[in-house]
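The values are calculated or read from the model by the stated rules, or taken from the named source; none is laboratory data. Keep in mind the model is a prediction, meaning the values are calculated, not measured. Because the Cβ atoms are built from the backbone with ideal geometry, glycine has one as well, and the counts that use them run over all protein chains shown. Keep in mind that these areas ignore ligands, DNA and RNA; they rest on the heavy atoms of the full protein, side chains included. Shrake-Rupley method; radii C 1.70, N 1.55, O 1.52, S 1.80 Å.
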Amino acid sequence: MTAVGHGPVREASQARASRYPIGILLAVAAFLTATTATAAMAADGASSAGSETLFVAELGLLLLVGRLMGEAAQRIGQPAVMGQLIGGLLLGPSVFGLIWPDAQHALFPSSGAQKSMIDAISQLGILMLLLLTGMETDLQLVRRVGRAAVTVAATGVALPFLCGFALGEWLPAGLLPKPDARLVTAIFLGTALSISSVKIVAMVVREMNFMRRDLGQIIVASAILEDTIGWVIIAVAFGLAAAGTIDLWSLGRAVIGTGLFMVVSFTVGRRIVFRLIRWTNDNFKSEFPVITVILIVMAAMALTTQLIGVNTVLGAFVAGILIGESPILTRHIEEQLRGLIVALFMPVFFALSGLHADITVLRNPDLALLAFGLIAIASIGKFSGAFIGGKLGGLSRAESLALGCGMNARGSTEVIVASIGLSMGVLNQNLFTLIVTMAVVTTTAMPPMLRWALKRLPLRKKERLRLEREELDAKSFVANLERLLLASDGSANGKFAAQLAGAIAGSGSKPTTILDLTNGQREKKAAKPKSDRASERFEEKGPSAKSAGEDSEWEVRTAAEGSTTLEAHRDEERPGTVDVITRQQELISSETVAGEARKGYDLLVVGIAKTRNPKGGFSKDVSLITKGFEGPIALVETHQSNLDRPVERYGRILIPVNGTEVSRRAVEVGLTLARSNDAQVTALYVTNANANGGNRKSAPRRRAIRRTEQAVLKDIGELADRYDVNFRSTTPANMAPDEAILREAKRGYDLIVLGVSRRPGDTLFFGNTAAAVLDRSETANLFVAS
């Protein structure tokens, strides 16, 4: 479709795109000239200062070429890492070395001291890339897909592994770096041919909008399993290579050590990593402390795997998986770390990998024939293995065909494996070049093949229903909350707030922190005149700070366990769990909550005894608590004193709606609570348009209002169905919103959930409608403020 009036813009865009290759050439040529001159001066200087200058020049050139070639690759539908790899080939002996060999050797000398500087960046880049790969590994997806992913991964690894192993056993001795260690090289080749690149597979599946389709999930989950299995085998192979000999002791140490490491990591290690990240996030005041602890965890686990006799790559990969599963600020952490890795380590590493490969060796007919055979064996073995696995997993022929196409991309994973093998002496330069060539060919062929295969697959009814639910979850308020903060005391309001926090937390295992404000309440009451007998009675009978905090924690856990997780597949729902910590506060102030809020929370739930001001509106304590929190707030008022027993169940919930995002958030919170309590929800459609002159409006205007009302109630009905809650709706006629809410509430509701917006000022104020409901309602109230 052509947009009217945008011709010049489109022409300018096309002109820029057509000039893009010229811009690349000019930029690279200019930088090559400058860096070559720098290299010559550094070589003449032969000093440490000259070495550092050359190192900076090398780094800058690798970044420039890697970024530009990666951008060019993406513009033609190929992965960026392939462009970065080709950029390295251009800078290496394959192209630049042929055109201007003296300049290439001056810029990238083979001397040990100079080469080790840039190689150190490459080795660190391997660990960082595996850390990021682990963080992007979704084990929940593997569990969700189940049988099909397991069968595809098993056959997709076994068949190409056997082909690669056989190739390693038949290779001429002249191609082996260590002929007496042929078994290790054969194991390595088998593993190299069997691993798929999760990054490349996920990129194409996401681009085709297949990431949430059933087959898309099976493809990605299979790649994840293959990646994990492959890194374990590689780690064992490297352990054997490091031992120098192949014996039962070396093999047993590598296999048993790897098994123990995996078991400990995914049990005790998972909890340790989670607590380390949370403790660092909550206690350090310096910038980016969580990034530092992530890198320390990666280093510690990498060193652990090295000590048990396998390679550091396994430790970095598993560390990434554990960090990616941490529920504390996962999106925030990933964005910060991804920027560093993608901007620095990725282009440098892949450009260096291409730099180390010399494709001129393919002028040798024997090596060219071997390269062709390697590509054929890798492609046929992987395609056949994935196809057979798909059929065994119950997939159709078309789905199994798409699986075979998708699994044939090696990409970044293959290059990482080859680079490690070269550095450890498992591969020589020729084998390294052949594997890199195979990785480039299979990876560039995969995207068009997978796109062709995926277009042939129709959408099933069950799959469509799941996608609709996931689409609702993607824009959901409650589903995207990551961490909750509960400010409560031992009052009835505090207990209800704890129940609400538990219901929300249990819907998605969201970590919750409790600010126990009982001490602050007791101190304030003790400062009142002795004539205040009610306060004296509270001090005598009220719970201690410790018991109130424990009671709130018990309420949160009980409510979470009584809930079920909200899953797109209802048969996957399970009892909710929640990680809870309690912090006791000596007094109530805006800084109390503000200081805790800076640690990263998505929702503040407030429940304290003194919620209302006797003169109207909210109390000073509530204003102080909420003033320090800039995010969404859920504030409860049960109309019960501290000594009363709170209502244990809210069977009928009233939610006023008007089509705004604020009211929709309140609907989600209300539905979450209703789902936990098996309650009935009534949506009351209220707008200011109904307040005055509704009958005097023109017929088109009335029809427009009616269409809006129907659309709003339909959206809420879909949400209620998503939450599996009993739902009905009603609409008052020609009434102000507050009057409509109060009148409907008198019909026997236990709770009103009202979406509101905070107004500026030192005193908490949600508007006149909320004020009227707070002061005049006889039911419990829950205000959800954005």
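Is it true that some residue in region 707-720 is surrounded by fewer than 21 Cβ atoms within 10 Å (Cβ to Cβ) and not in a helix (DSSP H, G or I)? No, because not a single residue in region 707-720 is surrounded by fewer than 21 Cβ atoms within 10 Å (Cβ to Cβ) and not in a helix (DSSP H, G or I). From the list 558, 512, the one residue that fits, being out of contact with any Ser or Thr (no Cβ under 9 Å at 6 or more places or on another chain) and modelled with pLDDT of 90 or more, is 512. If residue 488 passes every condition in (1) in contact with a Gly (Cβ under 7 Å, 6 or more places away or on another chain); (2) open to solvent by 10 Å² or more (accessible area, probe 1.4 Å) but one, which one does it miss? Evaluating residue 488 over (1) in contact with a Gly (Cβ under 7 Å, 6 or more places away or on another chain); (2) open to solvent by 10 Å² or more (accessible area, probe 1.4 Å) leaves (2) as the failure. Under the condition of being in contact with a Leu (Cβ under 9 Å, 6 or more places away or on another chain), hydrophobic (A, V, I, L, M, F, W, C) and open to solvent by 10 Å² or more (accessible area, probe 1.4 Å), the residues counted in region 389-402 number 2. Checked across region 269-290, the condition of being touching a Ser or Thr at 6+ places or on another chain (Cβ under 6 Å) and within 30 Å of residue 87 (Cβ to Cβ) holds for no residue. When residue 138 is tested against (1) over 25 Å from the mean Cα position of the chain (by Cα); (2) farther than 29 Å from residue 376 by Cα, only condition (1) is not met. The residues listed here are 553, 572; of these, the one that is acidic (Asp, Glu) and at pLDDT 85 or above is 553.
Of the residues making up region 287-322, those that are more than 14 Å from residue 336 (Cβ to Cβ) and among the hydroxyl-bearing types (Ser, Thr, Tyr) are 304, 305, 312.
Within region 213-230, the set of residues being charged (D, E, K, R) and under 10 Å from residue 201 (Cβ atoms) comprises 226, 227. Scanning region 185-201 for residues that are open to solvent by 10 Å² or more (accessible area, probe 1.4 Å) and modelled with pLDDT under 75 yields 198, 199.
So which of 355, 367, 403, 362 ends up being under 31 Å from the mean Cα position of the chain (by Cα) and hydrophobic (A, V, I, L, M, F, W, C)?
Just a single option satisfies the conditions, and that option is 403.
Among all residues of region 338-347, there is at least one that is at pLDDT 80 or above, open to solvent by 20 Å² or more (accessible area, probe 1.4 Å) and of a type in the set (Val, Ile, Thr). Put simply, of 386, 376 the only residue that is surrounded by fewer than 18 Cβ atoms within 10 Å (Cβ to Cβ) and either free of Cβ contacts under 8 Å to residues at least 60 places away in the same chain or among the small types (Gly, Ala, Ser) (or both) is 376. Look at residue 457 and say whether it is surrounded by 16 or more Cβ atoms within 10 Å (Cβ to Cβ) and in a loop (DSSP other than H, G, I, E, B). Considered against the rule, which asks whether it is surrounded by 16 or more Cβ atoms within 10 Å (Cβ to Cβ) and in a loop (DSSP other than H, G, I, E, B), residue 457 comes out as yes. When 409, 343, 351 are checked against the criterion of being part of a loop (DSSP other than H, G, I, E, B) and farther than 22 Å from residue 169 by Cα, 409 stands alone in meeting it.
Candidates are the residues of region 592-623 that are of a type in the set (S, T, N, Q) and closer than 18 Å to residue 770 by Cβ; the one that is most open to solvent (accessible area, probe 1.4 Å) is 613. Of 736, 780, all but one fail to be modelled with pLDDT of 90 or more and either over 37 Å from the mean Cα position of the chain (by Cα) or under 21 Å from residue 715 (Cβ atoms) (or both); the exception is 780. Would you mind stating whether residue 98 is crowded, with 20+ Cβ neighbours inside 10 Å and either aliphatic (A, V, I, L, M) or under 23 Å from residue 419 (Cα atoms) (or both)? No, not satisfied. If the condition is being touching an Asp or Glu at 6+ places or on another chain (Cβ under 7 Å), open to solvent by 10 Å² or more (accessible area, probe 1.4 Å) and not charged (D, E, K, R), then region 491-520 contributes 499, 519.
Give me the helices (runs of 4 or more DSSP H) completely within region 73-188, filtered to those with at least 3 residues that are among the aliphatic types (A, V, I, L, M) and in contact (Cβ under 8 Å) with a residue 24 or more places away in the chain, ordered by residue number. Don't jump to the end; show me each part of the working.
Numbers: elements: 80-91, 96-99, 101-107, 112-135, 139-145, 147-170.
Counting at least 3 such residues, we get 80-91, 101-107, 112-135, 139-145, 147-170.
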